[in-house]
Amino acid sequence: MNLRLLAKKSLKSRRPTALLTIFSIAMSVALLLGVEKVRVNAQSSFANTISGTDLIVGARSGSIQLLLYSVFRIGDATNNISFKSYQDIAQQKGVKWTIPISLGDSHRGFRVMGTSRDYFSVYQYGEKRTLEFAFGKQFEGVFDAVIGSEVANALNYAIGDKVIVSHGTGSASFAQHKDKPFIISGILKHTGTPVDRTLHVSLAGIEAMHVNWQGAVKKRKASKALTEANLQPESITAFLVGLDSKIASFKMQRYINEYKSEPLLAIFPGIALHELWNLMSVAEKALLIISMFVVLAALTGMLAVSLAGLNERRREVAILRSVGASHWHIMGLLITETVLLTIAGILLGLALLYLGIALAQPIIEKNYGLFIPVTAPNIRELGMVCVLLIASFIVGLVPAYRAYKNSLADGMSIRS
Amino acid sequence: MIESVSKSTIIGLKEVDFAWHAKANLTIKSGNLCVEEHEHVFIRGASGSGKSTLLNIIGGIVTPQRGQVEIVGRDFCQLKELQRDRLRADHIGFIFQQFNLIPYLSILENVTLPCRFSKLRRANAIERSGSVVEEAVYLLSRLYSKGRLSFNRTTSELSVGQQQRVAAARALIGQPQLIIADEPTSSLDYDAREAFMALLFDEIKLSGSTLLYVSHDPTHQHLFDSVVDMSVINPHHELAL
């Protein structure tokens, strides 16, 4: 006996309610899998913010704080570290490369970062990708600046434009380094990391801005000429370290953490990223739980519709019994209907999800720097779909059991 | 009516007690009925006399608390529920008073429905006409001699008289041994009733099936081999309210 055919025909005869049920399941499936996709991609994009760096070193504070200001440009360092210590560690055996980071200024809401030229060849993100230039080249002169793609897009900057850096990190600052404008020498390609939102200058450039300044106030008298030679910084905010061998990283971390002349902190970026993600995972889990409840609501809706229609179907059940259907057939019919509705809902939900991703992909990437690829459902997502199917089977048992009880009471006596 | 259960007995009920619930009154008490093969039996009874219950027992939908039920030579009380379901599918065709058809199936699908549940009836239909659908079309075209009907239509547009003919075709398909008709003409007007009865008898005679016809209306009882009153089948009936 082909129950599927009967179930299909029966559902078709109740098209409006069936379609609404399918749609509500589809929406819940799209939401659930959408949240899962965003979560997974946000996590991987987050973990891809920095790669190839063995240690991040800053003044002694917390590892997450150091990660936030050095990599994500969020918050500020409580303390700087001396350039002497930086040079000392950079010359240690086993150190392959170092990139100094000097923060504290901004340009119209975007952070300004002083660094070395090595940054453009050594810094890596994602799967060991280095920075690439969309236009222009890295900074050469003291007042050259390289901007990230988002800065260029948001402020509509091109090579050769002049930018004035503000003292401090607020978006509206009254202390501006108007006397020393920078000229854009290069624009980086999009990376999907905080690099896109950064304006890079040389360490000498950072120093030059602050020559003739006392703290946040500009001095009246202008003085000496600015050359790179006399613009050696006294301190920097943090630095990134690449080692010859990963095995040496624990030894190097201990060496830095026990550094005699000043209190320093060295962290493993991967571990700190993981810690930070765990902090945010509460919100992520909440989102997932909410979408699970939406799925539950959709299933409950389907159950309500199914139960409500059951009384009208007593006659149908009696006819089927009279032509030889067993109780199992009747129960099977009702369960098949529920499962068919759910399968249709899942398929429509997947279609909605992928259509949604395809449409929203450029917008999300532009606004949030998050790229969500159109990929086939992964094991976890397929698992969710399977759980939903099993749940629909269980939900289908309820009207099936009710129909069984009704049919026991009715027999074939069809009352109009 | 023959009291002894012989080889050619199609329905044999002996001292049957049945109540729908454990605490309810007995709807059938000491029920007895015997119907021979090819017999056409008219069972007459007022509503509430236990007719529907009797048909549920004969159809194997319910099992009596006491007594013996033998249908097409099988002891129903010894069979499991699924076996009774199969026996019903294979050997019994039902025609009810009204609302006989599944609304979401076409006329043809309604007629062929028993063949989905019974391999035996499917095999019979194929043997006679080559395919289940052809057998259904054959039965339908006999019942609709003026045949202007597309059998792929839904049943919702049919008049009650037309619906009853479709129901008769469904009961007859695959030549079950026993046709049970439960007041099949009570929703029809006089002309349709006469036409339906004539058609039904023609088809039953052709197929050689046994007919059990239940009605409160004695109009057609002269067409039958025997007439049994429910008060004979169910003499100690306690009127269930």
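Since every read-out is calculated from the coordinates, none of them should be taken as a lab result. Keep in mind it's a predicted model, so treat the numbers as computed, not measured. We place every Cβ from the backbone using ideal geometry, glycine too, and count neighbours over all the protein chains shown.
Volume per residue of the convex hull around the Cα atoms, evaluated for the stretch B:1-121, comes out as 139 Å³.
Neighbour counting of Cβ atoms within 10 Å sorts the residues B:PHE99, B:PHE42, A:PHE139, A:PHE393, fewest neighbours leading, into A:PHE393, B:PHE99, B:PHE42, A:PHE139. For the stretch A:340-371, the residues whose backbone nitrogen is under 18 Å from a point 7 Å from the Cα of A:ALA47, taken along Cα to Cβ, are A:370-371. Overall dimensions of the stretch A:53-112, expressed as equivalent-ellipsoid semi-axes from the Cα gyration tensor (√(5λ), whole Å, largest first), are 22, 13, 11. Relative to the 2.2 N^0.38 Å rule of thumb, the stretch B:44-110 has a C-alpha radius of gyration ratio of 1.30.
Within the stretch A:320-416, the proportion of C-alpha pairs whose separation exceeds 19 Å stands at 60%.
Taking a point 7 angstrom from the Cα of B:ALA24 along the C-beta vector, which residues in the stretch A:328-362 have backbone N less than 17 Å away? Of the residues in the stretch A:328-362, none has backbone N under 17 Å from the label point off B:ALA24.
Think of it as helices only: each DSSP H run of n ≥ 4 in the protein assembly as shown is worth -39500 (n - 2.57), and spread over all residues that comes to -15000 deg cm²/dmol at 222 nm. Amide H contacts of B:ASP229 (H built 1.01 Å from N, in plane; Pro and chain starts excluded): B:ARG44 sit under 5 Å, all sequence-distant by 5 or more or on other chains.
Ranked by how many other Cβ atoms sit within 10 Å of their own Cβ, fewest first, the residues A:LYS9, A:LYS405 fall in the order A:LYS405, A:LYS9. Counts of other chain beta carbons within 10 angstrom of each beta carbon in peptide A:311-323 average 6. Which FRET efficiency value, to the nearest 0.05, is calculated for A:LYS9 and A:LEU382 with the Förster distance at 22 angstrom and r the Cβ-Cβ distance? So, using R0 = 22 Å, E works out to roughly 0.15.
Distance check, please: which entries in A:LYS162/A:LYS246; A:LYS84/A:LYS366; A:LYS9/B:LYS119; A:LYS8/B:LYS205; A:LYS84/A:LYS251 exceed 32 angstrom between their Cα atoms? The pairs that break the limit, which is 32 Å between Cα atoms, are A:LYS162/A:LYS246; A:LYS84/A:LYS366; A:LYS8/B:LYS205. Seen from a random direction on average, the alpha-carbon convex hull of the stretch B:135-221 projects onto 5.6 square nanometres. With bins 10 Å wide beginning at 0, the percent of Cα pairs of the stretch A:34-136 falling in each bin runs 12, 39, 36, 11, 2.
Short-range pairs are left out: with C-alpha atoms under 8 Å and at least six residues apart, the relative contact order of chain A is 26 percent. Each principal axis of chain B carries a Cα extent, and these read 50, 37, 33 Å when sorted largest first.
Bridging of A:LYS37 to aspartates and glutamates at a Cα separation below 16 Å is possible for A:GLU284, A:GLU365, A:GLU381, once same-chain residues fewer than 8 apart are set aside. Set against the 2.2 N^0.38 Å expectation for a compact globular protein, chain A has a Cα radius of gyration ratio of 1.44. Remark: the stretch A:309-320, residue by residue, has Karplus-estimated 3J(HN,Hα) of x, 5, 5, 5, 9, 4, 5, 4, 5, 4, 4, 4 Hz, where x stands for each Gly or Pro and the curve is 6.51 cos²θ - 1.76 cosθ + 1.60 at θ = phi - 60°.
In chain B, the sites counted are GluC sites (Glu not before Pro) in DSSP loop states with at most 14 other Cβ atoms within 10 Å, and the longest stretch holding none of them, exclusive of the sites, is B:4-237. The equivalent ellipsoid of the stretch A:55-267 has semi-axes of 27, 21, 16 Å, largest first, where each one is the square root of 5 times an eigenvalue of the Cα gyration tensor.
Debye calculation, C-alpha points only, no solvent: report log10 I(q)/I(0) for the stretch A:287-326 at q = 0.16, 0.30 Å⁻¹, in the same order as the q values. Log10 of I(q)/I(0), two decimals: -0.56, -0.89. Phi-derived couplings, Karplus 6.51 cos²θ - 1.76 cosθ + 1.60 at θ = phi - 60°, listed residue by residue for the stretch A:394-402: 5, 4, x, 5, 5, x, 5, 5, 4 Hz, with x used for Gly and Pro.
Over all pairs of different C-alpha atoms, the stretch A:318-374 has a mean inverse distance whose reciprocal, the Kirkwood radius, equals 14.6 Å.
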